[in-house]
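Inspection log for the structure reproduced underneath, given as structure tokens.
Just so it is clear, none of the values below were taken in a lab; they were calculated from the coordinates. Every value quoted in this text rests on a predicted model; they were computed, and no experiment measured them.
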Amino acid sequence: MVGSFHSFIHLLFIGIISLFPVVNPIGSAFMVQPFLGNLSLTEKRNAVKKISIYAFCICSVSLFAGHWILELFGISVPVVQLAGGIMICKMGWEFLSSNQNEQSKKDEIVITRHETIESRLFFPITFPVTTGAGTISVLFTLSAHSANTNVENYLSNSMAILLAIIIMCILVYFFYLNTKKIINYLGSNGENIINRITSFLIFCVGLQIAITGITTLVKNFNH
């Protein structure tokens, strides 16, 4: 019983650490602020609630169907780790190498009508800005690792990852709803520093996932 609890806590921690850099609720909040900036508090709260629900649905489907999707297409976990790691590294590198011209591009997508926002809540705000290919790749990997012939262990592992997803969605809701306050508090320099740090973390996580995939593939090849 104690061992199962420790395993649950360990996988919950791993899930949070793995998902936080790729979901990046703080950095993503800055990215979607131009979409939500001109909404009233009530409209923004409703929009953010829908974004969080959409993100939860995408992550849950990736978690529970991920293992079966891999089996259906005959894809191994190391290959997903390698491909997903490369994509995450690419995303982190693009954020790191971005310049101040990004802000002018963001300003071009400011939305003023609530009806228009409704059509954009799923795409592109939820996918791929909030939960993109990096998030799905991480969940596919976690899904494959949580799969077990022991039903009890499988359910325990899945619930741990699901709880990590719920925590990420709560963070998305909080930061998306309070982005303006955070920006006013941090200022432009603080926003830039946070974006750079989170971008670096994204790159490092992607590199670690890719290296893990390569190591496993090499071991399997040698055997």
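GNM on the chain, alpha-carbon springs under 10 angstrom: the most fluctuating residue among 79, 22, 138 is 79.
Return an integer: the convex hull volume of the alpha-carbon atoms of the chain, in Å³ per residue.
For the chain, the hull spanned by Cα atoms encloses 137 Å³ per residue.
Across the chain, C-alpha contacts under 8 Å between residues 6 or more apart give a mean separation that, scaled by the residue count, equals a relative contact order of 47 percent. If the chain linking residue 183 and residue 216 were pulled fully straight, counting 0.36 nm for each residue of separation and taking away their Cα-Cα distance, it would gain 7.7 nm.
Taking the longest Cα principal axis of the chain as reference, the axis of helix 179-222 is set at about 20 degrees. Taking the longest Cα principal axis of the chain as reference, the axis of helix 25-36 is set at about 40 degrees.
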